[in-house]
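See structure below.
The values are calculated or read from the model by the stated rules, or taken from the named source; none is laboratory data. Source: prediction; values computed, not measured. Cβ coordinates were reconstructed from backbone atoms using ideal geometry, including for glycine residues, and neighbour counts include every protein chain displayed. With ligands, DNA and RNA removed, areas are computed over all heavy atoms of the protein, side chains included. Shrake-Rupley method; radii C 1.70, N 1.55, O 1.52, S 1.80 Å.
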Amino acid sequence: KTISSKAFYNCANISSLEIPATVTSIYGDTFGNCSNISIITVNESNSVYDSRDNCNSIIETETNKLVVGSNNSQIPDTVVTIGENAFSGRINLSVVQLPNSITAIEKEAFANCKYLQYVVCPKTVKSIGENVFINCPKLVMYVYKDSVAKTYAVNNDIEYRHIDASISKVLLRN
């Protein structure tokens, strides 16, 4: 079964998702701008998606792509891509520590996260799509010098700080 594009778009009353084993297709913008999603589980019998390590996210198992995130997601270090609109509109999302496994962030992945304050981008990020952080007015990106993330921040007028050992440790405690 498929959950169609924008099926639950802008549904602020949704706070938790439970994806049954029968769902085999979820579009990236299915839960876009659902601002209060805090809990996500995927039935263990689902052959296409999982929510490994109780991460509060929907991950496409075969590709290790995070397709839907919540305000409380803990991104596992097995995820390689943050999907299109994955966190779009999560208003209670404030800090994101991307694991070193991440190589790509697709378009509008964090769009409209009004209270997103910090995103820590590892050196492994090689591709960042359009409007990933659009309408994130409080955002400061923590990036490495000479990285794709720094170039993205500069080109999109996003405030950034360079990562060094002391900054990285402080953010990891948040």
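Worth a mention:
- A simple charge model with +1 on the Cβ of Lys and Arg, -1 on the Cβ of Asp and Glu and nothing else charged puts the dipole of the stretch 43-94 at about 200 debye relative to its Cα centre.
- Restricting the GluC sites (Glu not before Pro) of the stretch 88-151 to loop positions (DSSP other than H, G, I, E, B) with no more than 14 neighbouring Cβ atoms within 10 Å leaves 130.
- Only one item in [x] 124; [y] 96; [z] 149 matches volume of the Cα convex hull per residue in Å³ derived from the coordinates shown, and that item is [y].
- In a reduced charge model with +1 at each Lys and Arg Cβ and -1 at each Asp and Glu Cβ, the stretch 65-156 shows a dipole moment near 180 debye about its Cα centre.
- Cβ-based net charge around residue 64, under 11 Å, with every Lys or Arg adding one and every Asp or Glu removing one: -2
- Dipole check for the chain: with +1 at the C-beta of Lys and Arg, -1 at the C-beta of Asp and Glu, and the Cα centre as origin, the magnitude is about 440 Debye.
- Summed residue charge, Cβ within 12 Å of residue 104's Cβ, Lys/Arg positive, Asp/Glu negative: +1
- For the set 6/114; 114/150; 114/145; 107/138; 6/145; 6/150, the pairs lying more than 28 angstrom apart at their alpha carbons are 6/145; 6/150.
- The fraction of Cα-Cα pairs per 10 angstrom bin, counted from 0 for the stretch 74-140, comes to 25, 59, 16 percent, rounded to whole percents.
- Heavy atoms of residue 132 accessible to a 1.4 Å probe, total area in Å² rounded to 10: 0
- Sum of side-chain charges, residue 27 neighbourhood, beta-carbon under 9 Å (Lys, Arg +1; Asp, Glu -1): -1
- GluC sites (Glu not before Pro) within the stretch 36-103: DSSP coil, no more than 13 neighbouring Cβ in 10 Å: 44, 62
- Per-residue packing, averaged as other Cβ atoms within 10 Å, sorts the ranges 139-145, 30-36 into the order 30-36, 139-145, beginning with the highest.
- Simple rule: put +1 on each Lys or Arg Cβ and -1 on each Asp or Glu Cβ in the chain, find the dipole, and look at 162, 129, 20; the Cα lying farthest toward the positive end is 162.
- Heavy-atom accessible surface of the chain, averaged per residue, reaches 50 Å², computed with a 1.4 Å probe.
- Share, in percent, of DSSP beta bridges within the chain that are antiparallel, nearest 5: 20
- Take the convex hull of the alpha carbons in the stretch 1-80; its mean projected area over all directions comes to 4.5 nm².
- With contributions of -39500 (n - 2.57) from each DSSP H run of at least four residues, the per-residue ellipticity at 222 nm computed over the chain stands at -2500 deg cm²/dmol.
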